[in-house]
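Notes to accompany the following structure.
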Amino acid sequence: MIFGQLSNLAKEKAAIGGVLQQGLEYLAKTDFKPMAVGRYEIDENMYALVQEYVTQPKADRKAERHDKYIDIQYVDQGEECIGFALHSPENEVSEDKLAEKDAIFYKTVKDEVALVMPAGTYAIFFPADVHRPCCESKQPGQVRKVVLKIKVSALG
């Protein structure tokens, strides 16, 4: 997992190369405010999901991970908390949808920590990273977020 602020991208982008850097640059140069909620194809390796929702208690959200796609989750407006943990065989699976939807959901997650994400921050989740998005930080709040989905195969 990588956590950062888009406002620091110019100084830090050399540390993040290739398709991940391209994805972050797309997030930095795109004005998402006029864009409708939905899916936007960027190229053959990535697409963006523009989302709006009210955050929920952690207990109401499912932890998940993916095998074929890397997530760059960027909070455009609002604030949310994302649970994060490394994949572990001790995590109890509640639903395995890897074959159909590239998602596996967990009932329990070992050593999960909370990542508070105010507007302007992003987190990059790799296949070994379990994440629980859309959780409330201090209280429920409105969030506008972009999830950039990047094919793992594009890392080269």
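A few comments on the model shown:
- Amide proton proximity set for residue 69, modelled H, under 5 Å, gap of 5+: 152
- Shape metrics for the range 1-90, restricted to C-alpha atoms - Rg then Dmax, Å: 14.5, 43
- Amide H partners (placed H, <5 Å) of residue 104, local residues excluded: 65, 97
- Less than 5 angstrom separates the built amide H of residue 136 from those of 56, 58, 81, all sequence-distant by 5 or more or on a different chain.
- Diffusion coefficient, µm² s⁻¹, Stokes-Einstein with Kirkwood Rh over alpha-carbon pairs of the range 42-86 at 37 °C and 0.692 mPa s: 252 µm²/s
- Annotation: extensible slack from residue 60 through residue 44 equals 2.4 nm (criterion: 0.36 nm per residue apart, minus Cα-Cα distance).
- Across the range 2-155 the C-alpha pair distances fall into 5 Å bins from zero in the proportions 2, 9, 19, 22, 23, 16, 8, 2, 0 percent.
- Separation of the range 57-119 from the range 25-49 is 21 Å, based on Cα centroids.
- Residues in the range 91-107 carry Karplus couplings, in order, of 5, 8, 6, 9, 7, 9, 10, 4, 5, 8, 10, 6, 8, 10, 10, 10, 7 Hz; the curve used is 6.51 cos²θ - 1.76 cosθ + 1.60 with θ = phi - 60°, and Gly or Pro positions show x.
- Point-to-point label distance, residue 95-residue 21, nm (Cα→Cβ direction, 7 Å offset): 3.9 nm
- The ranking of 88, 137 from fewest to most other beta carbons within 10 Å of each one's beta carbon is 88, 137.
- For the chain, Cys with no neighbouring Cys Cβ under 4.7 Å: 134
Here, each number is a calculation from the coordinates, and none is a lab measurement. In this text, all values refer to a predicted model and were calculated from it rather than measured experimentally. Heads up, the Cβs are rebuilt from the backbone with ideal geometry, glycines too, and the neighbour counts pull from every protein chain shown.
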